[in-house]
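Single-structure report; data block below.
The values are calculated or read from the model by the stated rules, or taken from the named source; none is laboratory data. Being a predicted model, the structure only gives us computed values, none of them experimental. Here the Cβ is made from the backbone with ideal geometry for all residues, glycine too, and neighbour counts use every protein chain on show. The protein model used for the area step is the full one, side chains on, heavy atoms only, and it has no ligands, DNA or RNA in it. Shrake-Rupley method; radii C 1.70, N 1.55, O 1.52, S 1.80 Å.
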Amino acid sequence: MTRPIALEEQFDEEMLSIYQRARSEAHYNAARFLTMLHEHRGLETARLLIHAATVSDGYTALYLRGRLDLTVEAMIYDNPKWHPLFTPDELAACKKRLKDYQYIS
């Protein structure tokens, strides 16, 4: 299955946007996340975070600030536009993590 490049590029931009928003709105500097974006781009960074056995320090920091809306998982879950980029298992992992932290019921 070939994915449209344009959608992946838009996803890259959106990932950078949540980094910038976390910094300006939640006063959280996700330096490691930014490094990951530079090393892997948006889609691979998202997959690495989704497949991690535990939530990232950034996820925890945003949870403690009441800003799970700025997490990769929420960005993906909340916007069906990104769903074609991920497998059903990856989407389910996002949903489970968000449920576990009461972002969704």
### Task
Kindly report the accessible area of the chain per residue (heavy atoms of protein chains, probe 1.4 Å, no ligands, DNA or RNA), in Å².
59 Å²
### Query
To one decimal place, what orientation-averaged projected area in nm² is obtained for the convex hull of the Cα set of the chain?
6.3 nm²
### Query
When the Karplus curve 6.51 cos²θ - 1.76 cosθ + 1.60 is applied with θ = phi - 60°, which whole-Hz ³J(HN,Hα) does each residue of the range 46-62 get, with x for Gly and Pro?
4, 5, 4, 5, 5, 7, 5, 5, 10, 5, 6, 4, x, 4, 4, 4, 6
### Query
Of all the accessible heavy-atom surface of the range 1-91, with the other protein chains kept in place and a 1.4 Å probe, what percent is carbon and sulfur?
53 percent
### Message
Net charge within 12 Å of His38 by Cβ-Cβ distance, Lys/Arg positive one each and Asp/Glu negative one each, not counting His38 itself?
### Response
-1
